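Below is one structure, written out as structure tokens; the observations come after it.
Derivation of every value follows stated rules applied to the coordinates shown; laboratory data play no part. On a predicted model such as this, the values are computed, not experimentally measured, just so you know. Every residue, glycine as well, gets a Cβ built from its backbone with ideal geometry; the counts of neighbours run over all protein chains shown.
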């Protein structure tokens, strides 16, 4: 019995393989857990060996000495300070990471110009030129457009499906390609959104703990312990400042990057509509 020869891939399969070509290269951190751990280690080291340095206090004793500078004052904020520093460093690192990721997602050139050029190519029925432009542009928008144009050419050569079926296929392709790109764009943003509230709440916790120490010093018998009183006030104010800074930075960066993602989504929607409309206008 003769062995069967492997069947050659069908045109549809070959087209599917070609369609999977990846032209978007979004750089970013996949697992933010390691970022948080690294920021925690850095925060503890800064707190203990930087702010807790003996030269920052009178008598060289961080436990009982009065702080001589801002670093010593921050050290007096207590154990909540390294926690807040971890949150603040995490916000900064993830914000830089999202800047790099979204910059790569936007592609090499101006997105608005790219959309206008693709629409001009579509109007002139230069599909191959538009696909080549996508390879040069790279990024998420170019990736969605490229995959949709591959499907466009498949539908153009298809003689069995009706026009409405072809249009539905193109619309589905735009939605599918967009859905594959969006998780990479919004990755780590939920963590920033969480830190907008968490930083403020942890700072408030440190503030309350500092005020409790201050009132304990005032309630002591005889004259109030000035050292304990100042320590409590320092802890309250330092933690308040760190909590506000963490929440403020997180809110600013989260809204900024959400707006950038929305702009990319609008560009994808606009050019996807143009591709479908062009196919509808040029095919019977």
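Structure data summary
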read-out	value
Mean ellipticity per residue at 222 nm, deg cm²/dmol - from DSSP H runs of n ≥ 4 across the chain, formula -39500 (n - 2.57)	-26000 deg cm²/dmol
Residue among 82, 67, 183 with the largest mean-square fluctuation in a Gaussian network model of the chain, springs linking Cα atoms under 10 Å	183
Residue 277 paired with residue 124, simple spin-label distance in nm, labels 7 Å along Cα-to-beta-carbon	2.0
Read-out mean projected area of the Cα convex hull in nm², derived from the coordinates shown; its label in (1) 14.6; (2) 24.0; (3) 15.6	(2)
Computed lengthening from residue 161 to residue 258, 0.36 nm per intervening residue step minus Cα-Cα distance	31.0 nm
Over segment 89-282, relative contact order from alpha-carbon pairs under 8 Å, at least 6 apart, %	29
Potential lengthening between residue 193 and residue 25 on full extension [0.36 nm per residue; Cα-Cα distance subtracted]	58.0 nm
